[in-house]
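See below for the structure under consideration.
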Amino acid sequence: MSVGAIPELTCVFDEKRHCWEKRPFTAEDMVCLINVSGEGEISPFPYLLTAIEPTCEPQMKILLLRDERHDTLCLIINHMVSDGAGFKQYLYLLCDLYSKCEKDARFNKSPEPLGRRNLNQLLKNLSFKEKLAILFSKSDYGKPDPAIVLPLTGDSSHPIICRTQIEKEQFDAIRHFTNDCHVSVNDMILTAYIRVLHQITGCKKITVPCPVDLRKYKKEGQQCGICNLTGNYWCDAEIAPGETFAETLQKVSGQMRSQKQSNDCLKGPMLFHMLFHILPFSAVQKSFLRISPVPVTSYSNLGILDNERLCFGGHEIEDAFISTAVKKVPYFQLSVSTYQGRCTLTSSLYGSEEDQKLVSGVLYQIVQEIGLNFA
């Protein structure tokens, strides 16, 4: 039923015609149920780390892992179809449909798409003068230093996910601290990440992209379809010898505050939206890599999962988190999401056992950096 809201889930992407093509995929092609009997235990992580081939597979995979104690639900969605905010929209829709089906076994109403899926739905809210100003805006932030990389070896046959959590009590204390300092929790985590990268790489200047949800440009009451509407802020912090956490935090917070008051984060998406309608898909790909290369080291805060909306009928959800795509070395991304007051930090990559230890150590250092400096 949920496919009604995102028809692209049962499509493949045609690279020659650069468009979606419908395929007769069914629930059986997208959903896998595994029953674990007895004392056996299967980790859901290997499934979470599988890839989606957009040209020949459905654009979403779901695993329901069931044992005697609980169920674990894993969902993977193609980033071409949805970003993190859209993924949360989809999760809430799935929960709503499940709850209605549980309440009424005869319920079988497939939802309509929630709105348009392209950038035009946001650009139409801007004047011609505003659009020109965005296109001709100049970035104050330099390209990331190539030396800002973790010493990873990589293993293309071994996808791993590293995860750690900031428990509710500590996270509540961090929130109170940030309110008192007039900074955001995101500023706090980003500052800790930047300082740990500085400590590991020795780079004085750390430049990290921070994805921003462009839905902030929609009008009040405007409905957006489940799609990818992501731009980037850039955090560009130069850390002086002996600089305190508080000093770095004020730099980071100031930059984030300044960029939130600007429309410049629309420039990249606007350019590629225009190019996509002018050039062949292969040319757009080449343009993307030249104009906006994928940063080697990055960060993504996927926000809060609403526990009132993430509700499958009357069933209690013990924990939930969202992680970003599996990266190939040297690429590395820290992703953050929050559920019921617990903040989860994750990173997914193709790496060796030594890489797993290193990345787990990085996540631990970030949490320690926060914990040592918020009191």
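Quick notes on this one:
- Within region 115-133, tally of residues that are closer than 17 Å to D213 by Cα and among the hydrophobic types (A, V, I, L, M, F, W, C): 4
- Scanning region 62-71 for residues that are open to solvent by less than 70 Å² (accessible area, probe 1.4 Å) and part of a strand (DSSP E or B) yields I62, L63, L64, L65.
- Residue selected from region 82-103 under the condition within 18 Å of G231 (Cβ to Cβ) and assigned to a helix (DSSP H, G or I), by the criterion least open to solvent (accessible area, probe 1.4 Å): G86
- Scanning region 253-280 for residues that are under 19 Å from C181 (Cα atoms) and more than 20 Å from the chain's Cα centre (by Cα) returns S253, G254, Q255, R257, S258.
- Flag for Q340 being open to solvent by 20 Å² or more (accessible area, probe 1.4 Å) and either touching a residue at least 40 places away in the same chain (Cβ under 8 Å) or in contact with a Gly (Cβ under 8 Å, 6 or more places away or on another chain) (or both): yes
- Pairing each residue of region 144-163 that is farther than 10 Å from V296 by Cβ and among the hydroxyl-bearing types (S, T, Y) with any residue that is open to solvent by 20 Å² or more (accessible area, probe 1.4 Å) and part of a loop (DSSP other than H, G, I, E, B), provided the two are 6+ apart or on different chains, yields C-beta distances under 8 Å for T153/V329; T153/S352.
- In region 46-61, the qualifying residues are those that are out of contact with any Cys (no Cβ under 7 Å at 6 or more places or on another chain) and not in a loop (DSSP other than H, G, I, E, B), and the one that is surrounded by the most Cβ atoms within 10 Å (Cβ to Cβ) is M60.
- Residues located in region 234-251, provided they are part of a strand (DSSP E or B) and of a type in the set (K, R): none
- Listed by position, the helices (runs of 4 or more DSSP H) contained in region 104-189 that have at least 3 residues being surrounded by fewer than 18 Cβ atoms within 10 Å (Cβ to Cβ) are 128-135, 168-181.
- Hey, P7 exposed (fewer than 11 other Cβ atoms within 10 Å of the Cβ) and over 26 Å from R69 (Cβ atoms) or not: no
- Qualifying residue in region 295-303 (condition: open to solvent by 80 Å² or more (accessible area, probe 1.4 Å), touching a Cys at 6+ places or on another chain (Cβ under 9 Å) and at pLDDT 80 or above): no
- Residue that is nearest to L135 (Cα to Cα) [pool: residues in region 263-287 that are open to solvent by less than 80 Å² (accessible area, probe 1.4 Å) and free of Cβ contacts under 8 Å to residues at least 40 places away in the same chain]: G268
- Residue check for S348: out of contact with any Phe, Trp or Tyr (no Cβ under 6 Å at 6 or more places or on another chain) and open to solvent by less than 20 Å² (accessible area, probe 1.4 Å): yes
- Options S258, S253: the member that is under 27 Å from N125 (Cβ atoms) and either open to solvent by less than 60 Å² (accessible area, probe 1.4 Å) or at pLDDT 85 or above (or both): S258
- Filter pass, H79 being within 26 Å of S300 (Cβ to Cβ), open to solvent by 80 Å² or more (accessible area, probe 1.4 Å) and not hydroxyl-bearing (S, T, Y): yes
- Index of the failed condition, V326 passing every other in (1) open to solvent by 40 Å² or more (accessible area, probe 1.4 Å); (2) modelled with pLDDT under 95: (1)
- With respect to the conditions (1) farther than 28 Å from S99 by Cα; (2) in contact with an Asp or Glu (Cβ under 7 Å, 6 or more places away or on another chain); (3) not aromatic (F, W, Y), R17 falls short on a single one, namely (2).
The values are calculated or read from the model by the stated rules, or taken from the named source; none is laboratory data. These numbers were taken from a predicted model, which means no experiment stands behind them. For neighbour counting, all protein chains shown are included, and Cβ atoms are generated from backbone atoms with ideal geometry for every residue, glycine included. The accessibility values were calculated without ligands, DNA or RNA, using every heavy atom of the protein model including side chains. Shrake-Rupley method; radii C 1.70, N 1.55, O 1.52, S 1.80 Å.
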